[in-house]
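Colleague: Questions regarding the structure given below will be posed in turn.
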Protein chains: 2
Amino acid sequence: MKKIKRALISVSDKKNLKNLLKVLSRYKIELISSGGTFKEIKKFKFKCLEVSEYTNSPEILGGRVKTLHPKIHAGILSKRNNKSHNKDLKDNNFELIDLVIVNFYPFEKTLEKSNNHLKIIENIDVGGPTMVRAAAKNYNDVAVITSSDQYKELIDEIKKNKGSTSIEFREKMSSEAFSETAYYDAIISNYFNTIKNNDFPKKKVIYGNLIEKLRYGENPHQHAAVYSKNKILDIKQIQGKQLSYNNYNDIFSALTISKSLPKNLGTVIVKHANPCGVSINKNILKSYHLAIACDPISAFGGIVSCNYKLNKTLALELNNIFLEVIIANGFDSEALKVFKKKKNLRLIDATNFVMKDLVKFSSANESVLTQSEDLKRFNIRDFRVVSKKKPSKSQLKNLIFAFNICRYVKSNAIVLASQETTVGIGSGQPSRLDSCQIAIDKMNKFQDLNEEVVAASDAFFPFVDGIEKLVQSGVTAVIQPSGSIRDKEIIKFANQTGTVLVFSKTRHFRH
Amino acid sequence: MKKIKRALISVSDKKNLKNLLKVLSRYKIELISSGGTFKEIKKFKFKCLEVSEYTNSPEILGGRVKTLHPKIHAGILSKRNNKSHNKDLKDNNFELIDLVIVNFYPFEKTLEKSNNHLKIIENIDVGGPTMVRAAAKNYNDVAVITSSDQYKELIDEIKKNKGSTSIEFREKMSSEAFSETAYYDAIISNYFNTIKNNDFPKKKVIYGNLIEKLRYGENPHQHAAVYSKNKILDIKQIQGKQLSYNNYNDIFSALTISKSLPKNLGTVIVKHANPCGVSINKNILKSYHLAIACDPISAFGGIVSCNYKLNKTLALELNNIFLEVIIANGFDSEALKVFKKKKNLRLIDATNFVMKDLVKFSSANESVLTQSEDLKRFNIRDFRVVSKKKPSKSQLKNLIFAFNICRYVKSNAIVLASQETTVGIGSGQPSRLDSCQIAIDKMNKFQDLNEEVVAASDAFFPFVDGIEKLVQSGVTAVIQPSGSIRDKEIIKFANQTGTVLVFSKTRHFRH
């Protein structure tokens, strides 16, 4: 237990200060403070010494230098059980500071509100992190508080111990303090790297705020959590059981696809992080039915993502099958009423979810792979018709639709489409030929398939056999990246069979 | 351009200092320093003022407080074009510091060498990061150097500009300085969280060192890099073309499987991040042939990972097909000689690769999912025979082998095995039944399959149909987690058909 005799308070966020001051005053803890915090404390009529008076050194450079003084830092850093430290303090007429309550200039908030570089830079706190780091280092003797969220815990601790703090408390606060300073500088560092377009600095620091600890990870014996760069997620759960790790994973997969579709159009069904049905149709009920039709068995227990506002008619339809999650760009009140009958069903409002051009990353043991997201928007110049037969307007529309979906299917990916609906998806195979077969098998089970079918491949066909299999199964047009040494053979085969063949500029592996 | 009149030097890493000092002295830059750096500078016979003399304030607390002084920090933080700042400096008789050369107490190195908590804590630098952050904030006027690796760049800059630095240089160094402070505190924060077993703190900061920028990401229009928690990777490329993003991804997938196999045994073939063949056999040549036999078409252009030292005989065999990468726990010199004939072939020595019990993470847009790795080692008590028919010793061995491989196949995963060799792998399907079919199709193409075949499923069968399909195809024993409401039906089916059925305690999804 360490008695608190003296506390230094310097807070940018002045929330909940009064209550804390009352408690500190009750235990006769001397206060030192400066600037706005000092004024606030005086406003509440508590006794407090100004830092400049305490150090006998003026506050200068418009506040840039006030606490950076040996009297402050020796008071924090001194080891209480070290004779030589005690002597140094005595010789210099310095006193101990047992509690440091500091939160930093709001760099992150400034960044959210402003793009004035000078203003942003001015909000890099120098004195604050120094005091916090000093106190956190010396947690054996000093308690450090870095957020107004911790006041309650501090008050409880002080009351329980009659003006003292326990080592457990100080250690916990020290750990949270270093989280805070690391997080603070991570944001500053990322800001500098962002303005310099430096995605891959020599030392990279990634930061996140805990959104929630999850019941478990992909499997019950793994523990897990979800974090965000922001304080809250850009999706909002409005009903249902707690989201699981696999739910989150599927939701992000589904939204990546949904948000690539035309605005307010399109239904995506995801199972095991792969789409098992996608359809664009102005009639949202039809869009849903067509998406389901691609693989009705897999859709069971899956996730439906609607890139539009969900209405009652569709809600009634969705209630007919077992789904884990339904995502939509809002739900109308009638739809919500329908879903209330299934209170476990998770509903996600994704209105505010916007795919950002960020570098994404995934770790493997001690390594981290990082790359920009595949957000390329296609336009007609990204494609080249290489067959003699030219695509009809409808074929071209379906080819581009299929190629876009294909990029979100785990490689090797083959997508068969008709009427802007996937009619067969072949995913996750080491062999492209196998992915063709899987997609064809699905297509053959698709009910009432009357229109012609086109195919998309996420990477080039290395041999003719893949495209041959597709054409034999009734596919009339194929889109694929070029790049095989057998491209010519493939074009020849297309021409011999009257197949439309389109080469894309880009490849779209996704693993 | 800003002239350097005065520099503060305080370095823990004293490498390459002499050369730098020569240049600083040539441009008549005044030096301030303290402690070990001061002694080093005097040893080289350069003029230098001690910090305590400069500030007229003694170094105290055994060095914990020396530079934390307003004279130092006003000298760094003062805006040169601000009249009020200039007046403050004049009034206090403070002078400008234009260059800050600081590297920190070696916290990371101490952590690598020691687990003495007090020693580790003592290596948290307080003064160093404060000066660096102050100088980096005021980069408009001050240059900051945080690593001896930057001396050459600094020397070039000073020489080029005759004792001055450009704003571009100062801005770049400032950005690198904040990388450095963020990285430094990230390590400290992670240390505290690790000793407290706190995998999911409220604010999490993940750090990495750039290993290399890659030519591109999963696709040529994505840019990418690989990072590590350490300074170097735990795998070593000893031959061949530069590794691509997809190579790295496949290598990590392959190694995760290889390292789960018995020591010095087992060949794994990976394509598109999924295994397409795995075999354990004391005869390494046989092990390789059996692994290839599972899916010889997919193995083309794949990655072979040998959990043993690679010899000449196998090297000759491997040279017969096109492979992107070969991984082994070392290569004997004869094997290396064989591979020299294919100079593009990438060879990876993974002797030092050890799977660590780390929290892994992957990002999606602004969110990050994080979970512990699925490293569970199986033992016999993790399994329960639920059928009347009990497994033979060989069946049990193959069931555990298949179940272990199954956890590394993208879900839904079905693995068929015989003689500790995969004879069919069904991966990445939204429907478990489809994964069964894919695995069976592979098995039916497996040459010379004489022994009985067992099956593993990464999660429970929701219906009887999956296991029925397997048994109809000749499978004699099945392992799966329990949990379906139809478990009893499945047990009944196993008993009716004389199939061995084993329930595992754990599920093993992997997406």
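Colleague: Regarding region B:81-100, can at least one residue be identified that is in a helix (DSSP H, G or I), in contact (Cβ under 8 Å) with a residue 24 or more places away in the chain and not basic (Lys, Arg)?
Modeller: Looking through region B:81-100, none of the residues is in a helix (DSSP H, G or I), in contact (Cβ under 8 Å) with a residue 24 or more places away in the chain and not basic (Lys, Arg).
Colleague: If I ask for residues that are of a type in the set (Ser, Thr, Tyr) and more than 19 Å from A:PRO201 (Cβ to Cβ), which ones from region B:152-180 would you list?
Modeller: Matches in region B:152-180: B:SER164, B:THR165, B:SER166.
Colleague: Please identify the pairs in which a residue from region B:177-197 that is more than 7 Å from chain A (Cβ to nearest Cβ) has its Cβ atom under 6 Å from the Cβ atom of a residue that is surrounded by fewer than 24 Cβ atoms within 10 Å (Cβ to Cβ) and of a type in the set (D, E, K, R), counting only partners at least 6 apart or on another chain.
Modeller: These pairs meet every condition: B:ILE187/B:GLU108.
Colleague: Out of the residues in region A:373-393 that are over 23 Å from A:ILE490 (Cα atoms) and in contact with an Asp or Glu (Cβ under 9 Å, 6 or more places away or on another chain), state the one that is modelled with the lowest pLDDT.
Modeller: A:LYS376
Colleague: Looking only at region A:244-285, which residues are within 16 Å of the chain's Cα centre (by Cα), more than 20 Å from A:VAL354 (Cβ to Cβ) and in contact (Cβ under 8 Å) with a residue 40 or more places away in the chain?
Modeller: Listed by number, the list holds a single entry, A:ASN247.
Colleague: On to the next question. Which pairs turn up if I take residues in region A:211-223 that are under 14 Å from B:PHE509 (Cβ atoms) and look for partners that are surrounded by 22 or more Cβ atoms within 10 Å (Cβ to Cβ) and β-branched (Val, Ile, Thr) with beta carbon separation below 9 Å, at least 6 apart in sequence or on another chain?
Modeller: The qualifying pairs are A:LEU214/A:VAL226; A:GLY217/B:THR370.
Colleague: Out of A:SER84, A:SER57, I need the residue that is crowded, with 16+ Cβ neighbours inside 10 Å, assigned by TED's automatic domain parsing to the domain that holds A:ALA7 and not charged (D, E, K, R). Which one? Walk me through it before giving the result.
Modeller: Details: A:SER84 fails: crowded, with 16+ Cβ neighbours inside 10 Å.
Every option except A:SER57 fails the conditions.
Colleague: Just give me the residues in region A:147-176 being more than 10 Å from chain B (Cβ to nearest Cβ) and of a type in the set (S, T, N, Q), in sequence order.
Modeller: A:SER148, A:GLN150, A:ASN161, A:SER164, A:THR165, A:SER166
Colleague: While we're looking at this one, here's another question. When you scan region B:58-96, how many residues do you find that are of a type in the set (D, E, K, R) and at the interface with another protein chain (Cβ under 7 Å from one of its Cβ atoms)?
Modeller: 2
Colleague: Sticking with this one: Taking region A:393-431, which residues are part of a helix (DSSP H, G or I) and touching a strand residue (DSSP E or B) at 6+ places or on another chain (Cβ under 7 Å)?
Modeller: Quick first cut of region A:393-431, residues part of a helix (DSSP H, G or I) only: A:393-406.
Residues satisfying the conditions are A:GLN395, A:ASN398, A:LEU399, A:PHE401, A:ALA402, A:PHE403, A:ILE405, A:CYS406.
Colleague: Moving to a separate point now. Strands (runs of 3 or more DSSP E) wholly in region A:232-316 with at least 1 residues that are under 16 Å from A:TYR408 (Cα atoms) - which ones? Show your work before the answer.
Modeller: Details: elements: A:236-239, A:267-271, A:274-279, A:303-306.
Answer list for region A:232-316: A:267-271, A:274-279, A:303-306.
Colleague: In this structure, is B:PHE493 modelled with pLDDT of 95 or more, more than 14 Å from chain A (Cβ to nearest Cβ) and surrounded by fewer than 24 Cβ atoms within 10 Å (Cβ to Cβ)?
Modeller: For B:PHE493, the condition - modelled with pLDDT of 95 or more, more than 14 Å from chain A (Cβ to nearest Cβ) and surrounded by fewer than 24 Cβ atoms within 10 Å (Cβ to Cβ) - is met.
Colleague: Let me ask something else about it. Taking into account only those residues within region A:109-128 that are at pLDDT 95 or above and among the polar types (S, T, N, Q), which is nearest to B:ALA74 (Cα to Cα)?
Modeller: Among those that are at pLDDT 95 or above and among the polar types (S, T, N, Q), it is A:ASN123.
Colleague: Which members of region B:287-321 meet the condition of being farther than 20 Å from B:ALA417 by Cβ and either among the hydrophobic types (A, V, I, L, M, F, W, C) or buried (at least 23 other Cβ atoms within 10 Å of the Cβ) (or both)?
Modeller: Correct list: B:PHE300, B:ILE303, B:LEU310, B:LEU314, B:ALA315, B:LEU316, B:LEU318, B:ILE321.
Yes or no, residue by residue, for (1) within 22 Å of A:LEU336 (Cα to Cα); (2) out of contact with any Phe, Trp or Tyr (no Cβ under 8 Å at 6 or more places or on another chain); (3) hydrophobic (A, V, I, L, M, F, W, C):
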{"residue": "A:VAL226", "(1), (2), (3)": "no, no, yes"}
{"residue": "A:ILE232", "(1), (2), (3)": "no, yes, yes"}
{"residue": "A:ILE235", "(1), (2), (3)": "yes, no, yes"}
{"residue": "A:SER244", "(1), (2), (3)": "yes, no, no"}
{"residue": "A:THR256", "(1), (2), (3)": "no, no, no"}
{"residue": "A:SER260", "(1), (2), (3)": "no, no, no"}
{"residue": "A:VAL268", "(1), (2), (3)": "yes, yes, yes"}
{"residue": "A:PRO275", "(1), (2), (3)": "no, no, no"}
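Listed here are the residues, each with its yes/no results for (1) surrounded by 14 or more Cβ atoms within 10 Å (Cβ to Cβ); (2) among the charged types (D, E, K, R); (3) farther than 23 Å from B:VAL65 by Cα.
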| residue | (1), (2), (3) |
| --- | --- |
| A:LYS2 | yes, yes, no |
| A:ALA7 | yes, no, no |
| A:ASN16 | yes, no, yes |
| A:VAL23 | yes, no, yes |
| A:SER33 | yes, no, no |
| A:LYS47 | no, yes, yes |
| A:LEU61 | yes, no, no |
| A:HIS69 | yes, no, no |
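Colleague: List every residue pair whose Cβ atoms sit under 9 Å apart, with the two residues 6 or more apart in sequence or on different chains, where the first one lies in region B:439-466 and is of a type in the set (Phe, Trp, Tyr) and the second, anywhere, is modelled with pLDDT under 95 and crowded, with 22+ Cβ neighbours inside 10 Å.
Modeller: If the second residue must be modelled with pLDDT under 95 and crowded, with 22+ Cβ neighbours inside 10 Å, no pairs are left.
Colleague: Would you mind stating whether A:SER411 is within 14 Å of another protein chain (Cβ to nearest Cβ) and of a type in the set (Gly, Ala, Ser)? Lay out the reasoning, then the answer.
Modeller: Working: within 14 Å of another protein chain (Cβ to nearest Cβ): yes; of a type in the set (Gly, Ala, Ser): yes.
It is true that A:SER411 is within 14 Å of another protein chain (Cβ to nearest Cβ) and of a type in the set (Gly, Ala, Ser).
Colleague: Given the structure, is B:ILE284 at pLDDT 95 or above and buried (at least 21 other Cβ atoms within 10 Å of the Cβ)?
Modeller: On the way: at pLDDT 95 or above: yes; buried (at least 21 other Cβ atoms within 10 Å of the Cβ): yes.
When the stated conditions are applied, B:ILE284 passes them.
Colleague: Cβ contacts < 9 Å: first residue surrounded by 14 or more Cβ atoms within 10 Å (Cβ to Cβ), restricted to region A:102-122; second residue β-branched (Val, Ile, Thr) and at pLDDT below 95, any location; separation 6+ or different chain. Result?
Modeller: Close Cβ pairs satisfying both conditions: A:VAL102/A:THR67.
Colleague: Could you list all residues from region A:253-265 that are within 11 Å of chain B (Cβ to nearest Cβ) and buried (at least 22 other Cβ atoms within 10 Å of the Cβ)?
Modeller: Scanning region A:253-265 gives A:SER253, A:ALA254, A:LEU255, A:THR256.
Colleague: Let me ask you something else. Being within 7 Å of chain B (Cβ to nearest Cβ) and surrounded by fewer than 22 Cβ atoms within 10 Å (Cβ to Cβ) is the filter here, so list the residues in region A:223-247 that pass it.
Modeller: Listed by number, the residues that qualify are A:HIS223, A:SER228, A:LYS229, A:ASN230, A:ASP234.
Colleague: Now a separate question. Just name the residue that is farthest from the other protein chains (Cβ to nearest Cβ) out of those in region B:275-328 that are over 24 Å from B:ALA439 (Cβ atoms) and among the hydroxyl-bearing types (Ser, Thr, Tyr).
Modeller: B:THR313
Colleague: Go over the candidates A:LYS137, A:LYS204 one by one and state the one that is touching a residue at least 40 places away in the same chain (Cβ under 8 Å), over 30 Å from A:ASN247 (Cα atoms) and facing another protein chain (nearest Cβ under 7 Å).
Modeller: A:LYS137
Colleague: Still on this structure, please answer the following. Can you tell me which residues in region A:326-345 are of a type outside the set (Asp, Glu) and either in a helix (DSSP H, G or I) or not assigned by TED's automatic domain parsing to the domain that holds A:VAL268 (or both)?
Modeller: The answer is A:SER333, A:ALA335, A:LEU336, A:LYS337, A:VAL338, A:PHE339.
The values are calculated or read from the model by the stated rules, or taken from the named source; none is laboratory data. Remember, predicted model here, so these are calculated numbers, not experimental data. Glycine gets a Cβ as well: all are built from the backbone with ideal geometry, and neighbour counts include every protein chain shown.
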